[in-house]
Every structure is written in structure tokens, then in C-alpha cells.
1. How high is the relative contact order of the stretch 31-199, in percent, counting Cα pairs under 8 Å that sit 6 or more residues apart?
2. Based on alpha-carbon centroids, what's the gap between the stretch 36-77 and the stretch 139-202 in Å, whole number please?
3. Could I have the simple spin-label model distance between GLN111 and SER91, label points 7 Å from Cα toward Cβ, reported in nm to one decimal?
4. Magnitude of the Cβ-charge dipole of the stretch 131-202, K/R +1 and D/E -1, about the Cα centre, nearest 20 debye?
5. Considering the options GLY124, LEU197, ASN108, tell which one lies farthest towards the positive end of the dipole of the chain, charges being +1 on Lys and Arg and -1 on Asp and Glu at the Cβ, about the Cα centre.
6. Quick check: residue separation of LEU70 and GLN173 times 0.36 nm, minus the Cα distance between them. What number comes out in nm?
7. Projecting each Cα onto the charge dipole of the stretch 31-199 (Lys/Arg +1, Asp/Glu -1 at the beta carbon, about the Cα centre), which of TYR137, TYR37, THR165 comes out farthest on the positive side?
8. With no solvent and one equal point scatterer placed on each C-alpha of the chain, evaluate the Debye formula and give log10 I(q)/I(0) for q = 0.12, 0.16 Å⁻¹, two decimals.
Amino acid sequence: MKKFLLKKFLSMLAILGMFLTLGENFASAQGKILIAYFSRIGEEYSIGNVSKGNTQIVAEIIAEKVNGDLFEIKPIQSYPASYEECKTVASHEKAIKARPELANRVENFDQYDVIFVGYPIWYGDAPMPVYTFLESYDFSGKTIIPFCTHAGSGLSSTDQTITLTCPDSKLLQGFEIRGAIAHNDPAQTESRISSWLNRIGY
Ligand SMILES: Cc1cc2nc3c(=O)[nH]c(=O)nc-3n(C[C@H](O)[C@H](O)[C@H](O)COP(=O)(O)O)c2cc1C
């Protein structure tokens with residue numbers, strides 16, 4: 001009887017091991033993942049002053065769920081905390097298609113196969129430092145997954161602009177959520193991120 005139970009226990013262990021290996025293989029088949037995001041601290045549309053930006057909140061949840069590395073896209077010159085002043089700077093930068101210089105670089109970018117790129121929508125577009133980021137690396141053959149926070153505009157065709165900027169990359173379906181939801185409703189935010197990640201296979 002003891003021998004039988006031991007045999008049963010060992011075969012169950014073997015089956016468990018098989019499942020664990022399958023899981024590991026699945027994770028490594030997805031490749032190494034980077035979550036790069038731009039997010040602003042200060043006076044937020046319809047929220048007030050924040051010490052963590054809405055997009056950063058979403059980026060951190062994604063990083064935790066997909067086990068990826070986080071990278072903040074940081075311009076050398078940070079944006080004004082005042083909402084009105086930031087609008088003035090941002091609309092000028094968009095008008096002249098500025099490429100603000102960044103303060104940091106991704107170490108060993110080549111190691112990443114999948115790059116989630118996150119940003120707030122500014123004037124129906126991604127903030128210009130996001131384009132500096134996209135133009136600073138070779139995205140050929142990589143998978144890009146956009147996500148954004150906004151006050152009503154959704155992705156606002158930024159997924160298409162990213163494709164134009166990085167034509168040799170593969171784009172997966174992006175994610176959008178209102179900044180106020182990301183800021184005030186963690187349960188809804190987390191469940192919407194989970195459903196989207198499941199839909200796109202992560
Ligand atoms: C300069 C500026 C322009 C904005 N333009 C838009 C816009 O065109 N459409 C929109 O839905 N939200 C717009 N917003 C709101 C932000 O997209 C929203 O508050 C976002 O969640 C901020 O993210 P963050 O905290 O990560 O910076 C704008 C905000 C700023 C500061």
C-alpha cells in the first residue's frame with residue numbers, strides 16, 4: 001500500500017513538473033519584455049495635484065502582470081506642474097514636431113523582444129518625448145504594444161502613428177483608459193488591464 005501511495009505521489013510530482021516546464025516555455029516564448037512609459041507629475045486634468053502620473057500607475061500594473069522591466073521616458077527638461085503652462089509647452093512642441101532630448105537610455109535594448117509603450121494623450125497625440133524614444137532605437141522585428149491614459153480621446157490613432165514611426169515592428173492591439181479611472185479606481189483598472197492582456201495573449 002505504502003509503495004503504491006509513493007508511486008502515485010511521484011507520478012503526480014512528474015505531472016506537476018511537466019506543467020511548470022510548459023509554463024516556463026510559454027513565458028520565454030513571449031521573449032523579454034520592456035514597459036517604457038512617459039507620465040507627468042503635477043496638476044492633472046479633472047483630478048488635482050498628483051505625485052504619481054496616471055500612465056505610470058497603468059505601466060506598473062502591466063509590468064507586474066507580465067513580469068517586465070520598467071523604463072521611464074524622461075525628457076531632460078521636465079514639463080511644468082501647472083496644467084495650463086504644460087498645455088502651452090506641449091502644444092508648441094506638437095506644432096513644431098519637437099523631439100525633446102531624453103535624460104536616460106534603455107540599457108541593452110537589443111535584449112527586449114516586446115516593448116509596451118505608454119503615454120498620456122496630449123492634443124490627440126502622444127507627447128513628443130515618446131517620439132524621441134521611438135526614434136532612438138531599432139525596433140525592427142520587435143513587438144510594440146501601445147497603451148495610454150486620456151480624458152476622453154482614447155488611443156486617438158496613436159497606434160497608427162507608432163506604426164508609421166516604427167514600420168518594421170509588429171504592433172499588437174493597444175489599451176486605453178481614462179486617467180481619472182486609473183487614478184481613482186484601482187479595481188476597475190486592474191481588471192481591464194487583465195482582460196486586455198489575456199486578449200492579446202499575455
Ligand atoms: C498638455 C495636455 C494635453 C492633453 N490633451 C488631451 C487630449 O487631447 N485628449 C484627452 O483625452 N486628454 C488630454 N489630456 C489629458 C491627459 O491625457 C490625461 O490627464 C492623462 O491621464 C495624463 O496622464 P499622466 O498622468 O500619465 O501624465 C491632456 C493633458 C495635458 C497635460
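Bear in mind these aren't lab numbers, they're just calculated from the coordinates by the rules spelled out. As the structure is a prediction and not an experimental result, all values here were calculated from the model. Reconstructed Cβ throughout: ideal geometry from the backbone, glycine too, with neighbour counts over all protein chains shown.
1. Result for the stretch 31-199 is 24 percent.
2. Cα centroid to Cα centroid, the span is 13 Å.
3. In this crude label model, GLN111 to SER91 measures out at 4.3 nm.
4. 180 debye
5. Farthest towards the positive pole: LEU197.
6. My answer for the length gained is 35.1 nm.
7. THR165
8. -0.62, -1.02
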